[in-house]
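Working notes, structure below.
The values are calculated or read from the model by the stated rules, or taken from the named source; none is laboratory data. No experiment lies behind these values; they were computed from the predicted model shown. All Cβ positions, glycine included, derive from the backbone under ideal geometry; neighbour counts span all protein chains shown.
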Amino acid sequence: MIPKIRNLKPFSFPSFTTFKLDNEIEVYEMSQANFEVIKLELVFEAGRVFEAHKTVARATSAILREGTLKLSSEELNEQIDFYGATIMVEASMDYASLKLYCLRKYLPKMLHLLSEILFEPRFDQNELNIFKKRAVERLSYELNKNDVIAYRKITELVFGAEHPYGYNSQLSDYQELEMAFLKKHYADHIRFKKCHIFISGKVDLECRKLLNDSFGKFKLEEKQTPEYHSNVGSVENCIIKTDNNEQQSLRLSKKMFNRTHKDFPKSYFLTTVLGGYFGSRLMKNIREEKGLTYNIYATLEQFKNDGYLMISAEIAKDTADLVIEEIFKEFEYLKTRPIVDDELVMVKNYLLGSLLSMIDGPISAIDVLRNFELSSAGVHHFNDLVDQIYTMDSGTLIATANSYLASEEFVSVLVG
């Protein structure tokens with residue numbers, strides 16, 4: 001007997017604590033006493049948006065992890081592995097972050113290593129040479145993939161070829177990297193600069209003291225934040241021929257907004273109905289009924305300052321016109337036909353279940369808190385998202401579709 005499907009009860013983001021270190025760095029804490037693992041993340045405004053040279057944010061983050069003034073890359077890795085910990089340094093469009101996972105009992109030792117990485121990086125020229133070689137090899141390989149080419153081109157068309165959210169790294173960008181570029185990016189945007197700290201797991205008063213001793217004693221240096229310009233790229237569609245043409249990659253996209261926009265929850269729901277889960281409109285029509293693609297999906301991507309809606313599909317050769325026609329038909333159905341109750345309930349349960357799983361436990365929930373706080377939305381926007389999903393109705397979806405699913409506003413890229 002199939003169990004009865006029950007609607008989820010209302011929920012909100014779990015409780016968390018904030019406090020400041022002696023130097024005013026803000027710490028977000030989610031504690032669970034019976035959880036032996038600590039997750040710690042230091043987040044700096046040091047991503048692509050802050051680059052003076054293309055790819056330098058990613059390169060700086062990679063080299064920070066490759067040794068300190070006291071430890072070579074091999075010695076550093078040996079110490080981290082000895083304690084069963086993980087330390088990662090990553091760069092995204094807006095941010096660079098240092099992440100630590102370790103058992104609570106090893107936090108003092110790991111904070112010592114993390115402090116060395118942050119304040120005493122080696123900046124070894126040989127490690128930079130290795131990074132450049134690997135980056136060039138990886139990019140050369142990726143540029144043979146239709147889906148990679150399509151993604152690179154569509155973001156360029158949406159934001160502009162020179163915009164930090166739209167530019168595409170070239171082989172020459174990596175080849176021309178100099179250590180001086182990395183050191184300047186580090187000095188300007190990471191070392192002794194304001195950051196946000198997120199810690200979760202078995203956090204106690206000693207953890208707070210350890211954090212303050214490690215990262216709260218230095219004086220914060222001022223930094224300049226570049227002015228963000230919301231560029232719009234080309235509105236022309238693009239076809240790129242490649243040798244790999246048995247299967248073609250199709251992308252349709254338009255610029256949208258970030259999480260703080262009043263219509264984000266509605267657009268998030270609408271995107272899910274359109275192509276955000278396995279039973280979506282695009283999946284049923286174009287994959288299940290017409291067999292034109294193995295997979296097709298729609299995503300609403302957000303950065304700190306902007307966002308975009310993208311439809312992605314890997315399609316059979318010479319079917320692009322038909323696929324685009326069917327996508328635009330689904331646009332019109334969403335703009336004119338009320339969604340039936342069964343589908344509305346199914347999408348609500350899918351989204352609420354996904355959000356509930358994202359906040360299950362402190363290690364997962366701290367990532368959600370991080371994303372909402374850093375986007376300037378604040379975690380109350382998470383609760384608003386949940387509330388609007390609960391109360392979503394057919395009329396709201398039709399109005400939202402009419403606002404954001406105008407086919408003439410979408411740019412397309414076909415590769416293959």
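The residue of the range 202-222 that is surrounded by the most Cβ atoms within 10 Å (Cβ to Cβ), among those that are within 16 Å of LYS105 (Cβ to Cβ) and out of contact with any strand residue (DSSP E or B) (no Cβ under 9 Å at 6 or more places or on another chain), is LEU210.
Residues in the range 314-337 that are under 30 Å from ALA377 (Cβ atoms) and not in a helix (DSSP H, G or I): how many? Before the answer, list the steps.
Here is the first cut: in the range 314-337, the ones under 30 Å from ALA377 (Cβ atoms) are 327, 330-331, 334-335.
Now drop any that are not not in a helix (DSSP H, G or I), which leaves none.
Residues flagged as under 30 Å from ALA377 (Cβ atoms) and not in a helix (DSSP H, G or I) within the range 314-337 amount to 0.
The residues on offer are THR242, THR271, THR260, THR225, and the sole one that is under 30 Å from GLU120 (Cβ atoms), β-branched (Val, Ile, Thr) and out of contact with any Cys (no Cβ under 8 Å at 6 or more places or on another chain) is THR225. Only a single criterion out of (1) touching a residue at least 40 places away in the same chain (Cβ under 8 Å); (2) among the small types (Gly, Ala, Ser); (3) closer than 26 Å to PHE382 by Cα is not satisfied by ALA52, namely (3).
Against the test of being part of a loop (DSSP other than H, G, I, E, B), surrounded by 12 or more Cβ atoms within 10 Å (Cβ to Cβ) and of a type in the set (Ser, Thr, Tyr), the options THR242, THR225 yield a single qualifying residue, THR242. Every listed requirement among (1) farther than 30 Å from GLY353 by Cα; (2) free of Cβ contacts under 8 Å to residues at least 60 places away in the same chain; (3) of a type outside the set (Val, Ile, Thr) is met by SER15 save one, (1). Based on what the data block shows, is LYS317 at pLDDT below 90, surrounded by fewer than 17 Cβ atoms within 10 Å (Cβ to Cβ) and charged (D, E, K, R)? Considered against the rule, which asks whether it is at pLDDT below 90, surrounded by fewer than 17 Cβ atoms within 10 Å (Cβ to Cβ) and charged (D, E, K, R), LYS317 comes out as yes.
Cβ-Cβ distance below 8 Å, separation of 6 or more or different chains: which pairs start in the range 78-91 with a residue that is in contact (Cβ under 8 Å) with a residue 40 or more places away in the chain and farther than 15 Å from TYR106 by Cα and end on one that is surrounded by 12 or more Cβ atoms within 10 Å (Cβ to Cβ) and of a type in the set (Lys, Arg)? Close Cβ pairs satisfying both conditions: ALA91/ARG48; ALA91/ARG58. Would you check if LYS133 is surrounded by fewer than 14 Cβ atoms within 10 Å (Cβ to Cβ) and part of a helix (DSSP H, G or I)? For LYS133, the condition - surrounded by fewer than 14 Cβ atoms within 10 Å (Cβ to Cβ) and part of a helix (DSSP H, G or I) - is met.
Any chance you could count how many residues in the range 172-222 are under 24 Å from PHE303 (Cβ atoms) and either hydrophobic (A, V, I, L, M, F, W, C) or in a helix (DSSP H, G or I) (or both)? Looking only at that region, the number is 14.
Working only within the range 13-42, note down all residues that are polar (S, T, N, Q), at pLDDT 95 or above and more than 17 Å from LYS219 (Cβ to Cβ). Steps first, answer last, please.
To start, the set of residues in the range 13-42 that are polar (S, T, N, Q) comprises 15, 17-18, 23, 31-32, 34.
Retained after the next criterion (residues that are at pLDDT 95 or above): 17-18, 23.
Those that are polar (S, T, N, Q), at pLDDT 95 or above and more than 17 Å from LYS219 (Cβ to Cβ): THR17, THR18.
When LEU8 is evaluated against the numbered criteria (1) of a type outside the set (D, E, K, R); (2) in a loop (DSSP other than H, G, I, E, B); (3) in the same structural domain as LEU205 (by TED's automatic domain parsing), which criterion, by number, is the only one it fails? Among (1) of a type outside the set (D, E, K, R); (2) in a loop (DSSP other than H, G, I, E, B); (3) in the same structural domain as LEU205 (by TED's automatic domain parsing), the lone unmet condition for LEU8 is (3). The residues in the range 55-77 that are in contact (Cβ under 8 Å) with a residue 12 or more places away in the chain and under 27 Å from the mean Cα position of the chain (by Cα) can be counted, and the count is 13. Does any residue in the range 106-130 that is touching a residue at least 12 places away in the same chain (Cβ under 8 Å) come within less than 8 Å, Cβ to Cβ, of a residue that is among the β-branched types (Val, Ile, Thr) and part of a helix (DSSP H, G or I) six or more places away or on a different chain, and which pairs are these? Cβ pairs passing all conditions: MET110/ILE80; LEU113/ILE80; PRO121/ILE63; PHE123/ILE63; ASP124/ILE63; GLU127/ILE63; LEU128/ILE63. Where strands (runs of 3 or more DSSP E) sit wholly within the range 23-113, those with at least 2 residues that are over 20 Å from CYS195 (Cα atoms) occupy 96-103. Every condition in (1) modelled with pLDDT of 95 or more; (2) hydrophobic (A, V, I, L, M, F, W, C); (3) outside any loop (DSSP other than H, G, I, E, B) holds for PHE123 except the one numbered (3). For SER249, the requirement of being on the phi < 0 side of the Ramachandran plot, among the hydroxyl-bearing types (Ser, Thr, Tyr) and at pLDDT 90 or above is met.
Take ARG104 and tell me if it is under 30 Å from GLU373 (Cβ atoms), modelled with pLDDT of 95 or more and either surrounded by fewer than 20 Cβ atoms within 10 Å (Cβ to Cβ) or not β-branched (Val, Ile, Thr) (or both). Working first, answer last.
Details: under 30 Å from GLU373 (Cβ atoms): yes; modelled with pLDDT of 95 or more: yes; either surrounded by fewer than 20 Cβ atoms within 10 Å (Cβ to Cβ) or not β-branched (Val, Ile, Thr) (or both): yes.
It is true that ARG104 is under 30 Å from GLU373 (Cβ atoms), modelled with pLDDT of 95 or more and either surrounded by fewer than 20 Cβ atoms within 10 Å (Cβ to Cβ) or not β-branched (Val, Ile, Thr) (or both).
Return yes or no: is THR299 part of a helix (DSSP H, G or I) and assigned by TED's automatic domain parsing to the domain that holds THR242? It is false that THR299 is part of a helix (DSSP H, G or I) and assigned by TED's automatic domain parsing to the domain that holds THR242.
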